[in-house]
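Participant: First the structure, then my questions, so here it is.
The values are calculated or read from the model by the stated rules, or taken from the named source; none is laboratory data. Bear in mind that the values here come from a model prediction, so they are computed numbers and not experimental data. Positions of Cβ are backbone-derived with ideal geometry, glycine not excepted, and every protein chain shown enters the neighbour counts. With ligands, DNA and RNA removed, areas are computed over all heavy atoms of the protein, side chains included. Shrake-Rupley method; radii C 1.70, N 1.55, O 1.52, S 1.80 Å.
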Amino acid sequence: MTPNRSSEPRFGVSIRRLRDLWVVVALVAICALLAAGGDEVRELGRYERYAIENGEYWRLVSAHLVHLGLGHLWPNLAALAIIGLLFEDVFSTADWLRLGAASAATIDLGLYAFEPGVLWYVGLSGVLHGYVAAGALALLARREKLGVMLAVAVAAKLTFEQVVGPVPFTAESVGGPVVVAAHLYGVVGALVVQAAVELARRRSRV
């Protein structure tokens, strides 16, 4: 059972929240530290198709943690912080870990298998989309209205990106091309895992 935090502000910061959301805090810290390494760290960490084929497998993980620059980094970290607070009562530590891993792995697999034209990729946005989609599913399972709103928003954004392309001005703001396929794959990976979790919970109640 999730502890009752009703006495705390919804978007406030406390030691308890930092402790319970340590995965989110760790992601923020790691991304910020890697960004401090500049272009050299980004080049070494980004998803790079041919480098991975040559055995540089760490890129399958580090690609999601490095960013194009400050204009790419800060919106992702701000979104991650908001997502953390939004779903603090929804996801356990294990949920944050497995959803993040599932999204990242599905993005890597999807880009490599189905997007041969994508030679490189960086950023946390695909994983963030996965967290929101999984959170929406979890809230829908609880019959909470916020789940419907989030599900509609995620579906609308993904549809727009797949049909039209990146949201206007996104590329200009982040300083480089937006790989919208990563958002789709991140959502698919997280939804598969969250659906399995919800199914297991439902069966356990029977």
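Participant: Among the residues of region 68-96 satisfying the criterion of being under 11 Å from the mean Cα position of the chain (by Cα) and of a type in the set (A, V, I, L, M), which is surrounded by the fewest Cβ atoms within 10 Å (Cβ to Cβ)?
Facilitator: By that ranking, first place goes to Ala79.
Participant: Just one of (1) part of a loop (DSSP other than H, G, I, E, B); (2) under 15 Å from Trp120 (Cβ atoms); (3) in contact with a Phe, Trp or Tyr (Cβ under 9 Å, 6 or more places away or on another chain) trips up Leu60, so point out which.
Facilitator: Exception for Leu60: condition (1).
Participant: For region 25-65, which positions are open to solvent by 70 Å² or more (accessible area, probe 1.4 Å), touching a residue at least 40 places away in the same chain (Cβ under 8 Å) and aromatic (Phe, Trp, Tyr)? Steps first, answer last, please.
Facilitator: First pass over region 25-65, keeping only residues open to solvent by 70 Å² or more (accessible area, probe 1.4 Å): 30, 33, 36, 39-40, 43-44, 50, 53-54, 57-58, 61.
After this cut, where a residue has to be touching a residue at least 40 places away in the same chain (Cβ under 8 Å) as well, the list is 50, 61.
Residue satisfying the conditions is Tyr50 alone.
Participant: Mind checking which residues of region 1-24 are open to solvent by 50 Å² or more (accessible area, probe 1.4 Å) and either at pLDDT 95 or above or not in a loop (DSSP other than H, G, I, E, B) (or both)? Steps first, please.
Facilitator: So the first thing to find is which residues in region 1-24 are open to solvent by 50 Å² or more (accessible area, probe 1.4 Å), and the list is 1-4, 6-7, 9-11, 13, 15-16, 18-19, 22.
The answer is Ile15, Arg16, Leu18, Arg19, Trp22.
Participant: Any residue in region 105-126 that is in contact (Cβ under 8 Å) with a residue 60 or more places away in the chain and of a type in the set (Phe, Trp, Tyr) sitting within a Cβ distance under 8 Å of a residue that is buried (at least 16 other Cβ atoms within 10 Å of the Cβ) and not in a helix (DSSP H, G or I)? List the pairs, counting only those 6 or more apart or interchain.
Facilitator: Qualifying pairs under 8 Å: Trp120/Arg46; Trp120/Tyr47; Trp120/Glu48; Tyr121/Arg46; Tyr121/Tyr47; Tyr121/Ala63; Tyr121/Val179.
Participant: Does region 148-170 hold any residues that are small (Gly, Ala, Ser) and open to solvent by less than 40 Å² (accessible area, probe 1.4 Å), and which are they? Steps first, please.
Facilitator: The initial filter retains those residues of region 148-170 that are small (Gly, Ala, Ser), namely 151, 153, 155-156, 165.
Matches in region 148-170: Ala151, Gly165.
Participant: Report the residue count in region 185-206 for those that are under 23 Å from Thr159 (Cβ atoms) and either touching a strand residue (DSSP E or B) at 6+ places or on another chain (Cβ under 7 Å) or open to solvent by 60 Å² or more (accessible area, probe 1.4 Å) (or both). Spell out how you get there, then give the answer.
Facilitator: Initial filter on region 185-206 (under 23 Å from Thr159 (Cβ atoms)): 185-195.
Cutting the leftovers down to either touching a strand residue (DSSP E or B) at 6+ places or on another chain (Cβ under 7 Å) or open to solvent by 60 Å² or more (accessible area, probe 1.4 Å) (or both) gives us 188, 191-192.
Going through region 185-206 one residue at a time, the tally reaches 3.
Participant: Can you pull out the residues in region 154-171 that are touching a residue at least 12 places away in the same chain (Cβ under 8 Å) and either outside any helix (DSSP H, G or I) or under 24 Å from Glu198 (Cβ atoms) (or both)?
Facilitator: Just the residues of region 154-171 that are touching a residue at least 12 places away in the same chain (Cβ under 8 Å), to begin with: 154, 157-158, 161-162, 165-166.
Answer for region 154-171, where residues must be touching a residue at least 12 places away in the same chain (Cβ under 8 Å) and either outside any helix (DSSP H, G or I) or under 24 Å from Glu198 (Cβ atoms) (or both): Val154, Lys157, Leu158, Gly165, Pro166.
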